[in-house]
1. Which condition does F269 not pass, out of (1) buried (at least 20 other Cβ atoms within 10 Å of the Cβ); (2) at pLDDT 90 or above, if it passes all the others?
2. Out of the residues in the stretch 298-337 that are at pLDDT 85 or above and polar (S, T, N, Q), which is farthest from L278 (Cα to Cα)?
3. Quick check, is L501 outside any loop (DSSP other than H, G, I, E, B), at pLDDT 75 or above, surrounded by fewer than 16 Cβ atoms within 10 Å (Cβ to Cβ) and out of contact with any strand residue (DSSP E or B) (no Cβ under 7 Å at 6 or more places or on another chain)?
4. Need a quick list: helices (runs of 4 or more DSSP H) entirely within the stretch 237-342 having at least 2 residues that are closer than 30 Å to H48 by Cβ.
5. Please give the number of the condition F396 fails out of (1) in a loop (DSSP other than H, G, I, E, B); (2) modelled with pLDDT of 95 or more.
6. Is it true that M137 is under 26 Å from D176 (Cα atoms), buried (at least 16 other Cβ atoms within 10 Å of the Cβ) and out of contact with any helix residue (DSSP H, G or I) (no Cβ under 8 Å at 6 or more places or on another chain)?
7. Considering every residue within the stretch 52-70, establish whether at least one is among the polar types (S, T, N, Q) and under 30 Å from L290 (Cα atoms).
8. Step by step: first the residues of the stretch 522-549, then only those that are in contact with a helix residue (DSSP H, G or I) (Cβ under 8 Å, 6 or more places away or on another chain) and modelled with pLDDT of 90 or more, then the one that is surrounded by the most Cβ atoms within 10 Å (Cβ to Cβ). Which residue is that?
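The values are calculated or read from the model by the stated rules, or taken from the named source; none is laboratory data. All figures in this text were calculated on a predicted structure; none of them were measured in a lab. We place every Cβ from the backbone using ideal geometry, glycine too, and count neighbours over all the protein chains shown.
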Amino acid sequence: MAVSKMQKWTILVEDEYRSLLLKTVQELQHFEPIDTNFVTKTVNDDEHQYEQLLTHIRHAQSVLGPFVPKKIKKTRFSLTLSELEQQMVDVDKRDILTQVLNIDEKEKLLQKQMWDNKDKHDLLKKWQSLPLLPKDMRKLTYLHTFVGVIPQTKTNDFLDTLLHHEHLFVDVLYRDTHDIGLIAYIDKTLVNEANDVLSSVQFEKFDYPFEQLPKDMLIETELLQEAINEKRYRLIAEKEALSQFYTDLLLLEEYTYTKYLCQKASAYFSTSQHISGLTGWISEEKSSILQSLIAKTLPQGAYVFLENTENVDEKEIPIVLKNHPLVEPFELLTEMYSVPKYSEIDPTPLLAPFYAVFFGMMVADIGYGLVMFLGTLYALIKLSLPKSTKKNIKLFHILSYPTMLWGLIFGSFFGLELPFHLLSASSDPITILIISVVFGVIQLIFGLLVNTRTQLKAKQYSAAFSDGLCWVGLLLGLVMYALSQTTSLTWLATIGQYTLLINAIGIVLSTALGTKNKILGIGSGVYKLYGASSYIGDLSSYTRLMALCAAGASIGSAFNLIISLLPVPARFTIGIVLFVLLHALNFGLSLLGAYVHGIRLQFVEFFGKFYEGGGRAIKPLKTYEKYNDLKERYSEEK
């Protein structure tokens, strides 16, 4: 339950075994390669090919996606890397990717044909009344024809101009919201006059592009559209047939991205003649497993050198957290803030019990706790989820227990007050407020004691007193004084006052002793006492435990009251629906408030007393694990 001790390894192998070493390291998933070449890396051709292949795979998934049942889409596998490679033999044989991409290409061509045919059909539909082809019109002996369009106007003034012209005969072929298509006939001797008139009404000549009349060609376009539709239906049927192999695309993406990660990591190798070296970090508890795997996997073995890390800057050392399975889900909260530095303690096991108690107190309802318990239990047992999602769900599963426990204490079940309870959120607010502050005092004192231990371990004795123990004394003195004001134990006031005074002097003196300039040290110690005001603010933050607890209970009770005012028939019809919807809203608000404020109490009030953070989480060479939870083959070989 701490930060794992890290080792820096350099592994030397012959050049021909580089890929085999990377595969071994990748399957372990706990080794972080580092760059020792100090050369700016560029993306090579192999990486480009993997990226392009991944683009094609994801596109193929989107093509088949609409035809795949949700259950298949959410398929997750549990395979070792070797088993994944074996699966790829069948995947390559079926070659679903090529088939899907070919279908998609055919669909694109059909789509283009369809749009071209539609444009052609729309054009022909407009001009279907065209009596003669333009080339035939030019053969007329005495008449000259003008085929084209004029703008449609509200008053039809352009068309009227043509219709009322004494030498023009106008045949209107179509009208729409924008244009009027027409043929204008005029004696060949009056063509110039016709040009002037047509120009005045913004006439635009239309060049008919086809060799047949529109009414004849419309039949062809309709037949072509039917043929296109038939081909599209056949392609859809092919996609539906291929959808049963959708998991091939998932496996292919998993495998390809895993190979892509391996290819990128190959840039970290240092080479000399025929030998290649890979340097990186691994936690001490995983090092023996990697050594065993290397010995079994590499035919000629490999040379492993353990480097001295005493003079390595701790900022360069990656962080691996190691906690009990019940505490491990709370690492999500620590990582949200920042993982610890290599020399720091892991705060996860310290915050876990406090966060669980505070969360449960703020939600505090048996019914809501049961919903969390059953929902998360179902998800953990029945659903195939990624590891990160499972970790989140496991966190809320653990939090369901204190939620139900506090629900029993407050006697609350979906906002209904049960006949048995130790406290009532509605009638005991002062007691709950005091409990909230007491929890705050306990957590702050605990944080200060952790800080004291850390300072003593680092042999910073003056800081241990001025930043730790003396502040614990101040808080205890404050508690004793507060108790004397609310009980008959008046003698506690005197003890509390002396405790406050002694520890205040202790802060000033221990700060002065820890500095070379004692006068400046005394001034610094006095300034530290000014920080006492921040503790008042910290304690006031814990009063929100009571506020959120009372708010959730009051809202739930108000919803129940609203439903109880309905007539009896409505109460057991629409009332049930309202009960579910309203309590779902209150449940969501309660969880959100408890989650956010619980985090705030840990990050601001608790961590502020002893924890700095700023470490770098390890980034090991891993498999993709988007669809496959990699089975740890090495655990079977240990």
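1. Here F269 meets the rest and fails (2).
2. Only one residue tops the list, namely T334.
3. Considered against the rule, which asks whether it is outside any loop (DSSP other than H, G, I, E, B), at pLDDT 75 or above, surrounded by fewer than 16 Cβ atoms within 10 Å (Cβ to Cβ) and out of contact with any strand residue (DSSP E or B) (no Cβ under 7 Å at 6 or more places or on another chain), L501 comes out as yes.
4. 246-265
5. (1)
6. Yes, satisfied.
7. No: zero hits.
8. Checking each candidate, the answer is C549.
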